[in-house]
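Just below is one structure, and these are the notes that go with it.
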Amino acid sequence: MQRAQPKLGFISPSFNPFILRLIYWVLPIFQRFRLFYWLPSGISQVEVLNGETLVNLYHQFQLKKNRLIFSFRHCEVDDPLIGLHIFSRDITRIARQKNIALKSPTSCHFMYDRGMTIWAGKWLGSVFARLGGIPVHRGKSLDLQAIKKTREILADGEFPLVVAPEGATNNHSEVVSPLEPGVAQLAFWCMEDLQKANRVEKVIVLPINIQYRYINPQWSKLDRLLSKLEADCGLAKQSIEAGSKESLEEFYLQRLFKLGEYLLSEMEQFYSCFYHRQFPDLSQNSHSIEENLTIRLQKLLDVSLEVGEEYFGIKKKGNIIERCRRLEEAGWNYIYREESDKFKNLSPVQRGLADWIAAEADLRMLHMRLVESFVVMTATYVKEKPSFQRFAETALILFDAIARIKGNKNPRRPRLGWRKSTVTVGKPIDMSNRISTYQQNRQSAKQAVAQLTQDLQQALQEMIV
């Protein structure tokens, strides 16, 4: 982003059934082929576990017996394709098997990050609006327009609402990031809105997990990817020597460690030389190699965020995810400056200065983007379970990070083989037994939101296999 832009406006949802039918029709093509550079895809199988629960709740929603919030895990950018597959095919297929009559169309409203329309294109906002999507500024402490519209849809929308409680993807099929309290808060607000309207529908929160597995692991493709990353880092290509007793898993684990060690060292030197930061010397401690790498990585993430926070004048506060969101919002405020009518009337000098600060803000936000790539990564993730899935996930995260460093913000990820997606429907959470605690006082409300968030976290974690 080299030039200042008008302020980001709210994209109001305006559901269009024709657009929904069109998306449902082309969905199989999206799943199998990457028509857009930012969709890894290559999904050939989708399996739904405990789908009858989903169908029964959806049927009750259509009969106006409940209001539904689907709390979907969101680990990859392919997740929306899986959600579309469920609502376009699986839910109707299971309903027919159980002799349950669902009204057509079956779909959902959903919340999405307003920033998606920045890196994917403005057209995406138009499509999402016609599918019933609600944009939200993740970095705002209170996005009033998004909250108001979401509460309206929760109470009176034609479809249930889908929310990703993690707030962002982590590219790990077997790790659930700490959940944000948004789903829990929305559920309690919906209960209150129904009570005020003297309505008796239940409010149900349904946790749903998504996982991916490579059907036939392609070690040769992983080898090519690692060779490319090694070349980008100036490292010699690694190969198993003839007669070596080293297993395939040990071989690839060592290659990942060498890549990680190299990147950490380079980035530590980068921040030391050009941003005058200090890093601890861990050479004399008693930690293992993996523990040292994890400590160094966490320190690097902290330093990266500090550099951005100092530029934007933001206090260091909260966990890494919260700090990332505030930095993102601060950067947007520097780039997206004025309402459209005011922006058009800027003088050439004002416009030049606005472009100058926008370009610098975009550059400073790269520190935060780097942190996003590594936010849940640890040196022990692969070693704990050296599966092809974990090797592939880690290698692709390194690919994204190196691409960002090289200046490619939206790289086309290599495909490492066909994948299967497993969607597990969890146990529904009825809000009826929780609302009385929430309404006692402000402190009990916070505790009720925290407890529901914790229960959702545990439910999603227990569904990982």
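Cβ-Cβ contacts under 6 Å between residues 6 or more apart (or on different chains), taken from a first residue in the stretch 261-280 that is part of a helix (DSSP H, G or I) to a second residue that is among the aliphatic types (A, V, I, L, M), are listed as M267/L300; Y271/V303; Y275/V307. For beta carbons closer than 6 Å, sequence separation of 6+ or different chains, a first residue in the stretch 299-318 that is in a helix (DSSP H, G or I) and a second that is of a type in the set (D, E, K, R) and open to solvent by 70 Å² or more (accessible area, probe 1.4 Å), the qualifying pairs are E309/K316.
Among the listed residues K342, K316, which satisfies the condition of being open to solvent by 70 Å² or more (accessible area, probe 1.4 Å) and touching a Leu at 6+ places or on another chain (Cβ under 8 Å)?
Just one listed residue meets the conditions, K316.
Between F279, F274, F257, the distinction of being closer than 29 Å to R224 by Cα and either outside the structural domain of K228 (by the TED database) or surrounded by fewer than 19 Cβ atoms within 10 Å (Cβ to Cβ) (or both) belongs to F257 only. For K65, state whether it is surrounded by fewer than 19 Cβ atoms within 10 Å (Cβ to Cβ), at pLDDT 95 or above and either under 26 Å from A459 (Cα atoms) or assigned by the TED database to the domain that holds Q185 (or both). Considered against the rule, which asks whether it is surrounded by fewer than 19 Cβ atoms within 10 Å (Cβ to Cβ), at pLDDT 95 or above and either under 26 Å from A459 (Cα atoms) or assigned by the TED database to the domain that holds Q185 (or both), K65 comes out as yes. In summary, V425 fulfils each of the numbered conditions (1) of a type in the set (A, V, I, L, M); (2) farther than 25 Å from G83 by Cβ; (3) buried (at least 17 other Cβ atoms within 10 Å of the Cβ); (4) within 23 Å of the chain's Cα centre (by Cα) with the single exception of condition (2).
Looking for whichever is open to solvent by less than 60 Å² (accessible area, probe 1.4 Å) and at pLDDT 90 or above here; the options are G132, G139. Which one fits? Give the steps one after another, and end with the answer.
Numbers: G139 fails: at pLDDT 90 or above.
G132 is the lone residue from the list that is open to solvent by less than 60 Å² (accessible area, probe 1.4 Å) and at pLDDT 90 or above.
Filtering P28, P40, P13, P6 for residues that are at pLDDT below 90 and surrounded by 18 or more Cβ atoms within 10 Å (Cβ to Cβ) leaves a single hit, P40.
The values are calculated or read from the model by the stated rules, or taken from the named source; none is laboratory data. This is a predicted model, so every value here is computed, not measured. Cβ atoms come from the backbone with ideal geometry, glycine included; neighbour counts cover every protein chain shown. With ligands, DNA and RNA removed, areas are computed over all heavy atoms of the protein, side chains included. Shrake-Rupley method; radii C 1.70, N 1.55, O 1.52, S 1.80 Å.
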